[in-house]
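*Asks:* Just passing along the structure, written as structure tokens.
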Amino acid sequence: MEQKSNQPLAGVDSRRDFIKKTATAAAAVAATGVLKTPIYGQTQAPSSGRVIGANERIAVAVVGVGYGIGKNHLKGIYDNSRANNVVVAAACDVFNKRRDWAKETAGLKDADLYNEHEKLLQRKDIDAVVVATHDPWHAQIAIDAMEAGKHVYCEKPMTRYLGEAFRVHDTVKRTGRVFTVGSQGCSAGGWHKAAEMIKKGNIGALVWGQGYYCRNNPKGEWNYTIEKESTPENIDWNRWLGPVSKRPFSADAFHRWRKYYPYCSGLLGDLVPHRLHPLMLASGNPEFPSRVISIGTKHVHTDRNTPGTPERDVPEHVQLTAEFPSGYMVTVTCSTVNDKSPGFAIYGHKGTFEIADQGNEVKMTPQRSFAEEFEGLSETERKESAIDPIRGLQHEDLRVHEKNWFDCIRTGKQPNASMDLAIRVQTVISLAEMSERLKIACLFDEKTRKITTGDGKPIEPLTYGMTPLS
């Protein structure tokens, strides 16, 4: 049953030399806001899909055009199609009302609307697919799209469970398709600036990173309006369920699926990725976790203030802590019952980076014990080391993140939220869900992809049908 010495230090001159030598590169980042590829990135492997030239138009299909992010993608890509040299070629959704909206919004024909993504993927004229369905469909649609030669933008979380995340990972590596995850914070300049300096050792060994994403909805987060047209006649319920065990039609579940474990891990899947992707990117060398612990609570019971909806399965407040082989630790706290966020920071042995909420500002504060290493710097050097705050970097923006994907499709480079980052983030998220639901600490072996408890007991990863709430 699930429950719910303040002594002078050697190396001062070398530290100053480092700051001076990297000033030019740092200035370039400050000017553009974002590195062209992630700190750890490489170009993608060749693939058999259509090669798209620098001036060729990219044909995009959006699978899942529901409330919020799916509609946002379709309309945003359509509105910016000329600037990005793309076209919205097709849309797919299990709800006929949403298909009609997509047709009207993007000027599509009836032949461009689909209920089944497999039929859409048979089209040779489509180059790229945005996967914006609910979580259980992310993996299969992404895999099918890449097997059909399409590039993929997959909304976060990358997948519902860990096993299918590695299936997606292996498909990306085999096909060489350009794959990105929809955590748009990864395209904000502050995180890349921090990654550049961290990789150079500017704040010493990494100790700890912290992030928050907090809301407070008295009527219960994700209790979206249930449209009157939401009936079994208008919604292909069995297709919507996908790999989830069969159950009766529920308009509440269809619209408010983020509340329920069969379809979502709640805060861990919906809000945590927005903070975890940038925090891990900013390390300069994202790692698989070695240990993950998570605790969630659900005692405010905000769903009681929205009559007619069941109480959520998922926690109202959650905190995860992940330990990495290098010793770096990350904590992310998310809440739907208190919206106070202390801020975002990455702590090193010699200094601390503070990154603005939108990722457009970064400031480095040296630790007092190492302050001498940073004394006597020129105004330019102080700026480039972020001792004087660097402002005006690219802020978090969905349209910028989409453009990064389009650019990488044309160049073959890894996008800012590439698979190398995404699989590591998803491993943390999936282990955190297991930790919270099973009330255990999860240890992970990167080489074998095996999970164990602290006493060495093997644990099978959660997946569909394993529990009554899956």
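*Asks:* Residues in the range 104-118: is at least one within 25 Å of the chain's Cα centre (by Cα) and not in a helix (DSSP H, G or I)?
*Replies:* no
*Asks:* Being assigned by TED's automatic domain parsing to the domain that holds PRO315 and over 20 Å from the mean Cα position of the chain (by Cα) is the requirement here; does ARG215 meet it?
*Replies:* In short, no.
*Asks:* Please specify each residue of the range 403-441 satisfying the condition of being of a type in the set (Asp, Glu) and surrounded by fewer than 24 Cβ atoms within 10 Å (Cβ to Cβ).
*Replies:* Answer for the range 403-441, where residues must be of a type in the set (Asp, Glu) and surrounded by fewer than 24 Cβ atoms within 10 Å (Cβ to Cβ): ASP407, ASP420.
*Asks:* Pairs please, first residue from the range 443-468 and assigned by TED's automatic domain parsing to the domain that holds ARG424 and more than 20 Å from GLU164 (Cβ to Cβ), second anywhere and modelled with pLDDT under 95 and in a loop (DSSP other than H, G, I, E, B), Cβ atoms under 8 Å, 6+ apart in sequence or on different chains.
*Replies:* Between residues of the range 443-468 that are assigned by TED's automatic domain parsing to the domain that holds ARG424 and more than 20 Å from GLU164 (Cβ to Cβ) and residues that are modelled with pLDDT under 95 and in a loop (DSSP other than H, G, I, E, B), the close pairs are LEU443/GLY454.
*Asks:* Can you tell me how many residues within the range 275-292 are surrounded by fewer than 21 Cβ atoms within 10 Å (Cβ to Cβ), within 17 Å of LEU431 (Cα to Cα) and not basic (Lys, Arg)?
*Replies:* The total comes to 3.
The values are calculated or read from the model by the stated rules, or taken from the named source; none is laboratory data. This one's a predicted model, so the numbers in the text were calculated from it and none came from an experiment. No Cβ is skipped: glycine too gets one built from the backbone with ideal geometry, and neighbour counts run over all protein chains shown.
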